[in-house]
Each structure stands twice: as structure tokens, then as C-alpha cells.
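The values are calculated or read from the model by the stated rules, or taken from the named source; none is laboratory data. This is a predicted model, so every value here is computed, not measured. Cβ sites come from the backbone with ideal geometry, for glycine too, and all protein chains shown count toward neighbours.
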Amino acid sequence: MAYNLLKGKRGIITGALDENSIAWKVAEKAHEEGATFVLTNAPIAMRMGEIKVLAEKTGSEIIPADATNVDDLTNLFTKSQEVLGGKIDFVLHSIGMSVNIRKKIPYTESNYDYFMKGIDVSAMSLHKMLSVARKLDAINEWGSVVALTYMAAQRTYPFYTDMADIKAMLESIARSFGYHYGVEKKVRINTVSQSPTKTTAGSGIKGFGDFFDFANAIAPLGNADAESCANYCVTLFSDLTKMVTMQNLFHDGGYSSTGISMDVMERLGVEEQS
Ligand code: NAI
């Protein structure tokens, strides 16, 4: 059911690689809620071509941009305003990539060139986007920027390796830039800390399947899926959450507040005491 929450709003959605991508679901929901937006991804991801299906379905234009490249981002924000006919109201940062994870390099042996690449793609790209948008004055007052993150920024998950540190940086950028952009233009910046989700980026992590099941058994509501994450992002883009900024918001079915569940205790063979 749609509520027209984003009627008349203009956005930029990054990171829709295929129909499993969280960004793909956000685009579908934002479209249902009345928004118009531009889709963007790294030029290399475009070659797979699936994004065109989403563009057709949502009546969107695609503007390629490598999120590490300031010129690409300047073009993205400039052209998006032309295409959409005005300033931007919402931005989704849904970009993550670690070469150390891809190459299965243990955290303690991280390759620093790969580490730097991961920082640039997955965290600094948010700073670059915001800096470009601010310089161009491309985001409307009360506009909303959401970046997706994971709880490894607060607690250690050994298999998440350098992405844990990178997500901590991403969340910090959201707070730091959120202060400045908030004071100057009332632009809101938040991170959504999402449950493990079966996507290309998620499934690339070693042991992801087992961990997905473990998180699902801990969370009282079970893991939050990509579609419910998209619904949450839509509320954050809407005017109903106008005073929410500089927050890291857990969207995880209660996982982050649960120490252990009876389900997991039983699997470990521990009997309930009363
Ligand atoms: P995905 O693989 O579908 O999306 C990642 C996107 O980043 C892809 O579209 C990819 O093309 C894009 N990207 C990579 N390098 C880029 C660059 N240089 N410039 C522009 N775009 C680039 O996977 P998913 O899971 O939808 O990831 C989206 C976000 O959600 C990421 O930030 C990820 O860390 C985060 N997240 C994912 C979770 C999961 O379990 N899947 C859990 C919590 C957060």
C-alpha cells in the first residue's frame, strides 16, 4: 500500500546492481510513493545492464558515476537537477566494496592499498557526495541523505574485516557532515544499520549464510529484509522524520539489543531455567 509519502520529491539513488540490491528495492518503493529520481552506479556496474530494467520500471534516467571521482559526482548532481527539474530532496548512499574481503585476506594481514580503496569507495564517497552537493547547493532545505551501514562498526564480527573500520568511518562522516549541513541548510544525514541481507555485497562475505541464520535466530523479529529496509529509508526521506539527523539507526528486527535468544540457547543444548 502506498501513502504518497514522497510525492513531488526528487532524489538520487546509488547502488542498484541487480534486483537483490537494497537500493533496487528503495527505488521501487520511492517510485510507489510518488518520487522521481535518477539512478546511478559505477560505470563498470552498468555493463551488466540490469539497472536499465529498473530505470524503465520507475521512469528514471541513469547517470553513471564512480562515487570516488569528484568530477563524476559533480556531473551527477548537476545533471540530476536538470533532468528532475530542480534541487534534490533525497539521496541514498548504498555503496560498499572491500578488496580485502573479496580476496579473502584476514583482517590482521590487510593489504593497505586495498584498505585505502575500500575506504575511498565505501566511506569517503559519502563525504565527496555531500561536499559536491553542498558546493553546488544541490540539496533542498530539509533534504534527507541516508547511507547504509552494518553493526560491525560497533561490535566485532571477525569476517567483516576492514569493512568494520570503514563503516565506523562512514557513520562518523554522517554525524560530522550532518552537523555542518544541518546548521547551514537543514539537510539531514543518517545511517541505517541493516540486518544481514542476501545481496551481491552481502553474500561475498565469508560464512555469510551461517551468519545470516545466526542473526535471524537472535533477532526477536527475525532479520529485516531488503524490502522492509526500503520502507524504512522511504520514511527517512519523507517529511514525517524531519527532525531526525546525525543518527545511526538500527534496522535489524531487534538484533542489536538482544544478548541471546532462547532459540539460540536451545540450539546450544542449554535448558530453560525458570
Ligand atoms: P550490492 O552489491 O547490491 O550493492 C553495492 C553497490 O555498490 C553495487 O551496486 C556496486 O556497483 C556499488 N559500487 C561499488 N563500487 C562503486 C563505486 N566506485 N562507485 C559507485 N558505486 C559503486 O549490495 P547491497 O547489500 O545492496 O549493498 C548496499 C549497501 O548496504 C552497502 O553499503 C552495504 O555495505 C550495505 N549493507 C549491506 C548488508 C548486507 O548484508 N547485504 C548489511 C548492512 C549494510
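The table that follows gives values for the structure above.
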{"item": "Yes/no for Phe77 being out of contact with any Ser or Thr (no Cβ under 9 Å at 6 or more places or on another chain) and either surrounded by 22 or more Cβ atoms within 10 Å (Cβ to Cβ) or part of a strand (DSSP E or B) (or both)", "result": "yes"}
{"item": "From Glu184, Glu171, Glu141, residue being under 14 Å from the mean Cα position of the chain (by Cα) and either farther than 21 Å from Ser98 by Cβ or within 13 Å of the ligand (Cβ to nearest atom) (or both)", "result": "Glu171"}
{"item": "Some residue of region 210-222 being under 29 Å from His127 (Cα atoms) and assigned to a loop (DSSP other than H, G, I, E, B)", "result": "no"}
{"item": "Set Lys198, Lys206: member being modelled with pLDDT under 95, in a loop (DSSP other than H, G, I, E, B) and more than 10 Å from the ligand (Cβ to nearest atom)", "result": "Lys206"}
{"item": "Residue satisfying all of: in region 153-168; over 15 Å from the mean Cα position of the chain (by Cα) and surrounded by 15 or more Cβ atoms within 10 Å (Cβ to Cβ); modelled with the lowest pLDDT among these", "result": "Phe159"}
{"item": "Selection within region 31-82 - more than 9 Å from the ligand (Cβ to nearest atom) and among the polar types (S, T, N, Q)", "result": "Thr36, Thr58, Ser60, Thr74, Asn75, Thr78, Ser80, Gln81"}
{"item": "From the options Ser256, Ser274, Ser176, residue that is modelled with pLDDT under 95, out of contact with any Cys (no Cβ under 6 Å at 6 or more places or on another chain) and among the hydroxyl-bearing types (Ser, Thr, Tyr)", "result": "Ser274"}
{"item": "Subset tally (residues that are touching a strand residue (DSSP E or B) at 6+ places or on another chain (Cβ under 6 Å) and within 15 Å of Phe159 (Cα to Cα)) for region 62-119", "result": "0"}
{"item": "Filter result for the condition that a residue is among the charged types (D, E, K, R) and under 20 Å from the mean Cα position of the chain (by Cα), over Asp252, Asp263", "result": "Asp252"}
{"item": "Every residue from region 126-142 that is over 21 Å from Val83 (Cβ atoms) and buried (at least 20 other Cβ atoms within 10 Å of the Cβ)", "result": "Leu126"}
{"item": "Only listed residue being crowded, with 18+ Cβ neighbours inside 10 Å and under 26 Å from Trp142 (Cβ atoms), chosen from Ala174, Ala215", "result": "Ala174"}
